[in-house]
Amino acid sequence: MARRIGKYTIAFDNLPEICGYAAVVGKKEGNGPLKGCFDVIKQDSKCNQKSWELAESKMQQTAINTAMQKAGYKFSDIDIIIAGDLLNQCVGSTFACLNSNTPFLGLYGACSTMAESLLTGACLIDSGSANKVIAAASSHFCSAERQYRFPLAYGGQRPPTAQWTATAAGAAVLEKSNNSKFCITHAIIGKMVEMGIKDANNMGAAMAPAAFDTIYNLFIDTNTKPHDYDIIVTGDLGDLGASLLVNLFNENKIDITRVYSDCGSMLYGDNQDVHSGGSGCGCSAAVLCGHLLDEMLNKNLKKLIFAGTGALMSPTSIQQGQPIVGICHAVVIERKE
């Protein structure tokens, strides 16, 4: 049974396993540095759908179906789907899972949604409330731009601090301990941190303090240090937020640089003009369910911290001058010997 260690961290005794995973991305993401790591690359951003929003749902649906196929399961085997996206009322995930005939939990944690869904699913499995759970998240550049900023036809200019919302989706199938290659050993639910940042084009600065708070508390609770992990990855602070996080740890005399990376910096190349890097629920979901879990499967990684970072805001809160609230949830994933 899951137990609390330290002040914030959850340790799992039954070790929920990741038995299947999949990543689906758009054309831009498929041309980036991780292009060989994705299950499906959609060359058509609309995925043969009539809207960007339905295209996002189609991508998440494809990721879920592919992850289940790789795990050898179908919807009738799944107890709960836990999924989220950036759209109002999580409609992207709703329509992705509408015909699954499976109990559904919609989550909103902004870019932290994949980590939030993994830790929620792990808690349900470890407690015996579920045997098999799907955790998923998605985002789409065009649907996010229409909701949070301006329609694409407006042609608004993006400042250097802005990040590019990934057209991507990721899904993982979790189950009770069986014969999987890797499992979730710990999780930490983050606290909201607000430092007065109001610029919606500088989300990395808003989220970095929350990332520091969560990862630092995880170190304290588990009595570990950065070098105890093969990689510590956030998603998605982007280039600016990642540098701020490194500085925050340096101020506390902790060096994470040798093992640290950010999904928003990993997904795109320097020649792809994404300014400060990637963002969106699908960015970290695709990097985890593509590149990172493949690296664990291939025994290049043994233990990692996946720390999902989110900017908790809405178009209305920004228009009303409210600050951006940062959040960071994290899970520790370890390969079984």
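Below, the figures for the structure above:
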item	result
Matching residues, region 37-51, being within 28 Å of residue 121 (Cα to Cα) and either at pLDDT below 95 or in contact with a His (Cβ under 8 Å, 6 or more places away or on another chain) (or both)	37
Residue 246 vs. criteria outside any loop (DSSP other than H, G, I, E, B) and under 15 Å from the mean Cα position of the chain (by Cα)	no
Test for residue 225: is it at pLDDT below 95 and among the basic types (Lys, Arg)	no
Residue that is surrounded by the fewest Cβ atoms within 10 Å (Cβ to Cβ), among those in region 267-311 that are modelled with pLDDT of 95 or more and part of a strand (DSSP E or B)	303
Subset of region 17-44 (residues that are farther than 18 Å from residue 64 by Cα, part of a loop (DSSP other than H, G, I, E, B) and touching a residue at least 24 places away in the same chain (Cβ under 8 Å))	31, 32, 33, 34
Matching entry among 264, 238 (being crowded, with 22+ Cβ neighbours inside 10 Å and on the phi > 0 side of the Ramachandran plot)	238
Check on residue 30, out of contact with any Ser or Thr (no Cβ under 9 Å at 6 or more places or on another chain), modelled with pLDDT under 95, surrounded by fewer than 22 Cβ atoms within 10 Å (Cβ to Cβ) and not polar (S, T, N, Q)	no
Region 48-104 - residue that is farther than 18 Å from residue 26 by Cβ and of a type in the set (Asp, Glu) and, of those, surrounded by the most Cβ atoms within 10 Å (Cβ to Cβ)	79
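The values are calculated or read from the model by the stated rules, or taken from the named source; none is laboratory data. Remember, it's a predicted structure, so these values are computed and weren't measured experimentally. Methodologically, a virtual Cβ is constructed for each residue, glycine included, from the backbone with ideal geometry; neighbour enumeration extends over all protein chains shown.
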